[in-house]
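Throughout, read-outs are computed from the coordinates displayed, never taken from laboratory work. As the structure is a prediction and not an experimental result, all values here were calculated from the model. Note that each Cβ is placed from the backbone with ideal geometry, even for glycine, and that neighbours are counted across all protein chains shown.
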Amino acid sequence: MKKMKVAFFDFTCCEGCQLQVANMGESLLEVLDLIELVTFREVMSERSEQYDVAIVEGSITTSHDVERIKKIRETAKVLIAYGSCAAIGGINGMKNNFGLEEIREYVYKKDARFFDTIPTRAIHQVVKVDYAVNGCPVYVPEFVKVLKAALSGIPYRVPDYAVCVECKLNENECMYDKGITCFGPVTRAGCNSWCINNNNICYGCRGLVSNPALNGQKDILEKYAVPLPWIENKMNMYNKPRELGIDDPAKTELRKLES
């Protein structure tokens, strides 16, 4: 059977998700056995303009990015957004806290006029995305699962229940019981509670569940005396508004909690 040609691309990001894939070890050999890798700047110098599957890291932050992602979409039969920046806007979304001119002058100083910038967008807010791998960085087992689904032409949906579900299955002690605030109760699962398994907290990098249990959140905030301004500030890291004129979904949920 002919292998599908796969190309990796990056936009505004740290390229950590590509490094995560490059460091897969033996699992990478398994993946390479399934595909023909034609473009992957992190690991090879060869490149091709012909590919079946485009795996895209990074968010859209310039007009040039918009043009480039549209060309990639035109070529690719399948487009996979992988990593928080590509899937939900990610840390780059914090730029949307400020006016474009303000942030451009802050970063580029006297040369600001030479640099184009637009509000941060996730990939799906510019072109059609067929599959998404959330996380910062991506969780390798999920990446492999999504890639196999894409190659087989079967659907994959990011779980829409809280990381807490996976945490309980892994028999982790709740971070709140340790006196540490964690975003597991409102963050989409799919990472096998990776961070908590390794004695870290959930930072919400996978984006919010679509229907958070508001009463449960209220109980947690009241029980552990967590101030709402602190929560709002932490949500800002990954969950900022990603469309000009569209309200921040994180703030919408917080307003419900306050009412």
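Brief remarks follow.
- Approximate shape of the chain as ellipsoid semi-axes (Cα gyration tensor, √5λ), whole Å, largest first: 32, 25, 15
- Helix 140-152 axis, angle to the chain major axis (alpha carbon atoms, nearest 10°): 50 degrees
- Spacing of the two label points (7 Å from each Cα toward its C-beta) at Asn172 and Thr62, in nm: 3.7 nm
- Charge-dipole axis of the chain as Lys and Arg at +1 and Asp and Glu at -1 on Cβ define it, positive-most pick from Phe114, Asn192, Asn172: Phe114
- In this rough spin-label picture, where each label sits 7 Å from Cα along the Cβ direction, the Trp230-Val107 distance is 3.1 nm.
- Excluding same-chain neighbours fewer than eight residues apart, the aspartates and glutamates reachable from Lys70 by a Cα-Cα span under 17 Å are Asp10, Glu49, Asp52, Glu57, Asp130.
- Simple point charges give the picture: +1 on the Cβ of Lys and Arg, -1 on the Cβ of Asp and Glu, and for the stretch 22-82 a dipole about the Cα centre of about 360 debye.
- Taking every Cα-Cα distance in the stretch 4-152 and sorting them into 5 Å bins starting at zero, the pair-distance distribution P(r) comes out as 2, 10, 19, 22, 19, 13, 8, 5, 3, 1, 0 percent.
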